[in-house]
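Report on the following structure.
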Amino acid sequence: MTSMTTLDRVVIRFAGDSGDGMQLVGDRFTELSAAFGNDLATLPNYPAEIRAPAGTLNGVSSFQVHISDHDITTPGDAPNVLVAMNPAALMANLGDMARGSTLIVNADNFTERDLEKAECTSNPLTDGTLENYTVYEVPMTSITVEATKPLGVKPRDAERSKNFFALGLVCWMYTRPAAPLQEWINAKYESKPMVRDANLAAFKAGRNFGETAELFSPYEIKPASLKQGTYRNIVGNTAVALGLVTAAHQANLPLVYASYPITPASDILHELSKLKNFNCKTMQAEDEIAAAAIAIGAAFAGSLAVTGTSGPGLDLKSEALGLAVSLELPMVIVDVQRGGPSTGLPTKTEQADLLLAMYGRHGECPIPIVAARSSSQCFDAAFEACRIALKYRTPVLLLTDGYLANGAEPWLVPEIDDLPDISVEFATEHNHTNVDGSTDYWPYVRDPETLARPWATPGTPGMEHRVGGIEKQDGAGNISYSPQNHETMVRLRAAKVAGIANDIPDVAVDSVGGADVLVIGWGSTWASINAGVNRCREAGHAVDFAHLTHLQPFPKNLGDVLKGYRKVLVPEMNLGQLSRLLRAEYLVDAQSYTQVNGLPFRAADMEARIMEELAR
Amino acid sequence: MSVNGSTATATAVNLTRKDYETGQEVRWCPGCGDYGILGAVQFALAEMGADPANTVFVSGIGCAARLPYYMNTYGMHGIHGRAPALATGVAMANPSLDVWVIGGDGDMLSIGGNHLIHALRRNVNIKILMFNNEIYGLTKGQYSPTSEIGKVTKSTPFGSVDHPFNQLSVAIGAEASFVARTHDMDRKHMMETFRLAHEHRGAAFVEVFQNCNVFNNGAYEDILKKDARPDMIIPLVHGQPIRFRSERRARCGGERIRRAVRARPPMWACATCSCTTRRVPIRRWRSRSAAWPTRRIRPRRSACSAPWNARSTRSKCRRRSTMRSSRKALATSASCCTPAPCGRSTDLAGAPATCSYRELGGPHGVRRARETQQSRRATQPSTARAAS
């Protein structure tokens, strides 16, 4: 037995054809590591086509997982280990690999035809391309076929289990326990005994190969010391779904979620449709507009109404959002951002919907915006969006993105008793007295503090009223075209949203003292900025860091915070949308650092840009 | 809260039209057909004893869509075309409400066509009243998806070249479980139709011929003027044979078509909906412009050669001919409901649905129709399905 080396962290990338099951293998490795107690972050990366032509560069699907024995936020910049199932996977990912890192390749898939498909003129295994790397050529396919032969599996079917061979090998290298995975395979393929046995055999063959081939020495990554509590592994879309259900529970309202299938937001619908037991109704609408309209109808009828989508869907929902603003009904719109414009990059991440969320409707149409910063924090962000929507009777936009939606990390499951009560009271009594002494219900009489209007739901006797998208008379809610009334109503709606600033926490600055550079971000860049700032600090530089969860309205202290620094750097996965807002709002010289390649920032790039700012 | 508006009668006794009127000034043009429809809706609700607190009127945009403001119930005036979706949300969140959807032909068939067909397909428990005036009124007179070919409007000065929808075929094509047509000149018939729609559990589609005396005056004059009505309107009552004027006079009933009836109007089409198969006269094209040739629909005098009592063969042919040529089949008066495809609901009067065209070799075939019929009868109505 070779000696065991202890590492504090490792980044592993599984890469193969989009039909090779790399996402599955990545997911399983993540689950195993989560169960083992490591901190982790993942980055799935796959093409939009369900099955791109096999073996080509376009069809490469990869899953990167970063595991550690300490608190980490990013999926890591450069993988330490790349598992490549074919030449295309190798070549597509080689550029990201640091010199000296480890490559494990499936040697069976380097025939001339495979090389041709991957557009290789010569075999990278032999032409010296890989001389700066530690390369292990493992005939994964043939060993898998051999290992499954006694089971009577046809070679063609046996080949399909090679991803479990790779997983077995990597699990042995990083001393992951085998039992949970075997249990999972048993449960998952219960109805297909042949597939189950083949996968089990392949997994076992992978482990055995590691142990007997004596090519590698195993590594150990100790569990991370996280705060005590119950943890689970979670991706952003699941966290949003659980956040919504929890908010509905704490609000004592039924949840209605209407959505139209769209990448990468569909998983929220999938998750919620499993949670009917929490008084949650889901609806797959005929289109994006209908999904928004159904949510508005459900809000009118007294539910916590939510609709979810991605950028193209948000475009379509714009008119309905205007109606929701005008009706002043509580509603949450989840926008899982993806690369745009138009269809853009459906499976890649971007943060370019901020200005759309902010201004993308006709007329003066302010909508509060909450943005999640990490996969697990999607839960809190969803809860917060619901809280604001219910308290202020307004639609609220919740922004997440493709990276958060699919990226996994451990999540400390909160105690339900620790969460705030956000229940609302429906109006059941008349609130207006006419000159003749009779009383009426007026739907637009406002709470003096929050400026929220009362919420009377159909079915309540005596509270019959009409609402609509036409400008309405302040208080009574009847149609009014009066110029003065319109001015009043536009300003009231704006003031209501602006007033939410009094009800959200100040922006917290992660300060080291004496810094004259502030890095400020929003959304999923939190992880990369955090990592980049920490690297600069380790190098002995003073850099402060702040991150925004509330983007409309901004926290009250934001202006003062920004003015306290000589330089403000705003990294964003767009062409500078937040920096524009900060400049416009606070007249600060916010410098923009942008990237729109469909991937999160790398910590090293972030560090370099911050260093540049420090030197400037 | 009552399960259905009709059961609220016990609590809300002696309701009158006044109970459904709001203080808002009704702002349709003087002489608009919408006044008559509003009155009929209010009278009908009073007669049914529908609890205002349990009733929701949802609308999109257009002249018709202002109606919720004039109803002293819960109401939402939404955005153009989206009323069926808004109403689906209301019905889904609270299935015990009586949800009515009001819209015009532009709202329902043009910008909101998608929502209409899907609401009907899902059989959501909403009552859709489509006021059809064959024109865009609120935008001051453009041709609508139900305007006839050759229609001269502000946006079609040389006559429209677009073929209009056959709105009842749209509804039936979406397999609506209740389809009816009425007109704004006959309050009694409107009230009766609204009542039947209200009693139907599932999506009900009611088209109301409505005159726009400003932009499309006399849209239905050839049908609705007093002396034309007996010939041009054929009452359809679910489960009853269709009787043409001469038959109604002769009281002979029966299943045979009278020669006199067949000879009268020049064009023919099958009834869009009925459980007996008869041919119903339809109107001539009113081509007001010679600039564009109009497409003449060839009369399908006999869609099939099978004997009238061979229902299965007949119905197959009937459907095809309906789809092709029954523009404005005058299936009005009294009531009419589709023959409950796949047993999604029973008919209005509670009598069993007599036939289902789906069973007769439609796209889904006989066996599947029977299977779904059995399974659907056993399951909850659509609002529950929508919630799943």
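Pick out the one residue from A:Ala515, A:Ala501, A:Ala495, A:Ala527 that is away from chain B (no Cβ under 14 Å), loosely packed, with under 15 Cβ neighbours inside 10 Å and hydrophobic (A, V, I, L, M, F, W, C).
One residue alone meets the criteria, A:Ala495.
Could you tell me whether B:Val58 is within 21 Å of the chain's Cα centre (by Cα) and either within 8 Å of chain A (Cβ to nearest Cβ) or on the phi > 0 side of the Ramachandran plot (or both)?
Criteria met by B:Val58.
Is it true that A:Pro454 is facing chain B (nearest Cβ under 7 Å) and either closer than 20 Å to A:Val325 by Cβ or over 37 Å from the mean Cα position of the chain (by Cα) (or both)?
So A:Pro454 fails the test.
Kindly evaluate A:Ile333 against the criterion of being more than 11 Å from every other protein chain (Cβ to nearest Cβ), surrounded by 24 or more Cβ atoms within 10 Å (Cβ to Cβ), in contact with a Pro (Cβ under 8 Å, 6 or more places away or on another chain) and not polar (S, T, N, Q).
Considered against the rule, which asks whether it is more than 11 Å from every other protein chain (Cβ to nearest Cβ), surrounded by 24 or more Cβ atoms within 10 Å (Cβ to Cβ), in contact with a Pro (Cβ under 8 Å, 6 or more places away or on another chain) and not polar (S, T, N, Q), A:Ile333 comes out as yes.
Go over the candidates B:Ala93, B:Ala85, B:Ala176 one by one and state the one that is under 28 Å from B:Gly49 (Cβ atoms) and in contact (Cβ under 8 Å) with a residue 24 or more places away in the chain.
When all the criteria are applied, what remains is B:Ala176.
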Only one residue in B:Glu221, B:Glu192 is modelled with pLDDT of 95 or more and surrounded by fewer than 23 Cβ atoms within 10 Å (Cβ to Cβ), so which one is that?
-> B:Glu192
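Looking at this structure, is A:Asp417 in a strand (DSSP E or B) and away from every other protein chain (no Cβ under 14 Å)? I'd like the intermediate steps shown before the answer.
Working: in a strand (DSSP E or B): no; away from every other protein chain (no Cβ under 14 Å): yes.
No, not satisfied.
Filter the stretch A:292-312 down to the residues that are surrounded by 24 or more Cβ atoms within 10 Å (Cβ to Cβ) and assigned to a helix (DSSP H, G or I) and list them by number.
Within the stretch A:292-312, A:Ala292, A:Ala293, A:Ile294, A:Ala295, A:Ile296, A:Gly297, A:Ala298, A:Ala299, A:Phe300, A:Gly311 meet the criteria.
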Taking the stretch A:315-342 and keeping residues more than 21 Å from A:Ala456 (Cα to Cα) and without any contact (Cβ under 8 Å) to a residue 60 or more places away in the chain leaves A:Asp315, A:Leu316, A:Lys317, A:Ser318, A:Glu319, A:Gly340, A:Pro341, A:Ser342
Unique match (being in a strand (DSSP E or B) and either touching a helix residue (DSSP H, G or I) at 6+ places or on another chain (Cβ under 6 Å) or surrounded by 11 or more Cβ atoms within 10 Å (Cβ to Cβ) (or both)) among A:Leu399, A:Leu390 | A:Leu399
If you go through the stretch A:293-307 one residue at a time, how many are within 8 Å of another protein chain (Cβ to nearest Cβ) and under 14 Å from A:Ala320 (Cβ atoms)?
-> 9
Would the stretch B:63-71 turn up any residue that is outside any helix (DSSP H, G or I), more than 8 Å from chain A (Cβ to nearest Cβ), at pLDDT 95 or above and touching a Leu at 6+ places or on another chain (Cβ under 6 Å)?
-> yes
Check every one of the helices (runs of 4 or more DSSP H) wholly within the stretch A:165-266 and list those with 2 or more residues that are crowded, with 23+ Cβ neighbours inside 10 Å.
-> A:193-213, A:236-251
If you take the residues of the stretch A:269-291 that are more than 8 Å from every other protein chain (Cβ to nearest Cβ) and touching a helix residue (DSSP H, G or I) at 6+ places or on another chain (Cβ under 6 Å), which of them is surrounded by the fewest Cβ atoms within 10 Å (Cβ to Cβ)?
-> A:Phe278
Given the structure, is A:Thr488 more than 14 Å from chain B (Cβ to nearest Cβ), hydroxyl-bearing (Ser, Thr, Tyr), surrounded by fewer than 22 Cβ atoms within 10 Å (Cβ to Cβ) and not in a loop (DSSP other than H, G, I, E, B)?
-> yes
Return yes when A:Ala84 is out of contact with any Phe, Trp or Tyr (no Cβ under 8 Å at 6 or more places or on another chain) and modelled with pLDDT under 95 and no when it is not.
-> no
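The values are calculated or read from the model by the stated rules, or taken from the named source; none is laboratory data. Being a predicted model, the structure only gives us computed values, none of them experimental. Every residue, glycine as well, gets a Cβ built from its backbone with ideal geometry; the counts of neighbours run over all protein chains shown.
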